Amino acid sequence: MKPVDLYPHPDGPEPKTVDNIRGSIRRPDPHQLVVTYEVHDPEEKLIIPKGTGMRRDDLWRETCFEFFLGRASGDDYREFNFSPGGDWAAYEFDRYRQGQRHHLMPADPVITCSREGDTLTVEVLLTLAHMPENGSCQLAAVIDEQGRAQVHWAALHAPGKPDFHDRLSFAVPYPKLEAA
């Protein structure tokens with residue numbers, strides 16, 4: 001899929017140094033997704049949390065990248081959080097913010113974080129046991145800049161306060177399986 005731009009929440013604080021975030025999703029295999037975020041941070045003020053590469057809750061309290069996956073039919077969805085420090089979280093929901101539980105994964109996500117010039121790239125390889133055949137996604141980020149309030153970025157924001165769980169914001173098409 002072609003990269004999509006993420007935008008800061010219109011009612012939130014203005015970003016100070018991060019001036020652009022782009023995200024993309026690829027499906028190279030029937031059970032794998034590659035989710036990539038590119039953050040333009042020319043002053044390198046983005047706070048990157050330290051991590052251990054483990055599953056951990058509450059990643060949204062610091063800089064983290066979020067990916068939501070919903071089926072075309074049904075109210076259930078999955079939420080994935082990725083810290084550029086390597087920690088991650090995965091949840092399932094039965095419907096909007098209800099029935100939350102840990103999503104069981106056949107393998108831990110592989111998170112690669114690199115910087116080239118003024119761009120930080122976070123790439124995540126996700127292996128999922130059950131992949132919907134069609135649906136919609138949300139690409140989002142919670143960004144901590146030094147000395148600033150958090151800025152919530154998303155491909156599309158639903159009306160009201162920042163809420164990445166709102167299915168109205170799942171506007172990124174689910175990627176088709178790449179040809180072999």
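The values are calculated or read from the model by the stated rules, or taken from the named source; none is laboratory data. Since we're looking at a predicted model, the values are computed, not measured. Note that each Cβ is placed from the backbone with ideal geometry, even for glycine, and that neighbours are counted across all protein chains shown.
Structure data summary
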item	result
Cβ pairs under 8 Å, 6+ apart, first in segment 102-116 and assigned to a loop (DSSP other than H, G, I, E, B), second modelled with pLDDT of 95 or more and of a type in the set (Gly, Ala, Ser)	His103/Ala90; Met105/Ala90; Pro109/Ala90
Residues that are at pLDDT below 95 and either of a type in the set (Ser, Thr, Tyr) or crowded, with 19+ Cβ neighbours inside 10 Å (or both), drawn from segment 16-45	Thr17, Val18, Asp41
Verdict on Arg95 being free of Cβ contacts under 8 Å to residues at least 12 places away in the same chain, over 28 Å from His40 (Cα atoms) and touching an Asp or Glu at 6+ places or on another chain (Cβ under 7 Å)	no
Filter result (in a loop (DSSP other than H, G, I, E, B) and out of contact with any strand residue (DSSP E or B) (no Cβ under 8 Å at 6 or more places or on another chain)) within segment 88-101	Asp94, Tyr96, Arg97
Enumeration of residues in segment 2-23 that are touching a residue at least 24 places away in the same chain (Cβ under 8 Å) and under 14 Å from Ala155 (Cα atoms)	Pro3, Val4, Asp5, Leu6, Tyr7, Pro8, His9, Pro10, Ile21, Gly23
Pair list, Cβ under 8 Å, 6 or more apart: segment 34-58 residue at negative phi and acidic (Asp, Glu), other residue part of a loop (DSSP other than H, G, I, E, B) and crowded, with 16+ Cβ neighbours inside 10 Å	Asp41/Thr17; Asp41/Val18; Glu43/Thr17
Residue identified as under 15 Å from Phe164 (Cα atoms) and either touching a strand residue (DSSP E or B) at 6+ places or on another chain (Cβ under 6 Å) or crowded, with 16+ Cβ neighbours inside 10 Å (or both) among Gly70, Gly85	Gly70
Output for segment 9-40, where each listed residue is assigned to a loop (DSSP other than H, G, I, E, B) and out of contact with any Asp or Glu (no Cβ under 6 Å at 6 or more places or on another chain)	His9, Pro10, Asp11, Gly12, Pro13, Glu14, Pro15, Asp19, Pro30, His31
Qualifying residue in segment 53-60 (condition: surrounded by fewer than 18 Cβ atoms within 10 Å (Cβ to Cβ), of a type in the set (A, V, I, L, M, F, W, C), assigned to a loop (DSSP other than H, G, I, E, B) and more than 11 Å from the chain's Cα centre (by Cα))	yes
Matching option when the condition is among the polar types (S, T, N, Q) and farther than 16 Å from Phe80 by Cβ, among Gln138, Gln100, Gln146	Gln146
Residue match in segment 63-74 (condition: within 13 Å of the chain's Cα centre (by Cα) and in a loop (DSSP other than H, G, I, E, B))	yes
Among (1) among the polar types (S, T, N, Q); (2) surrounded by fewer than 17 Cβ atoms within 10 Å (Cβ to Cβ); (3) under 13 Å from the mean Cα position of the chain (by Cα) - the single one Gln138 does not satisfy	(2)
Among the residues listed as Leu120, Leu139, the single one being in a strand (DSSP E or B) and within 26 Å of Leu168 (Cα to Cα)	Leu139
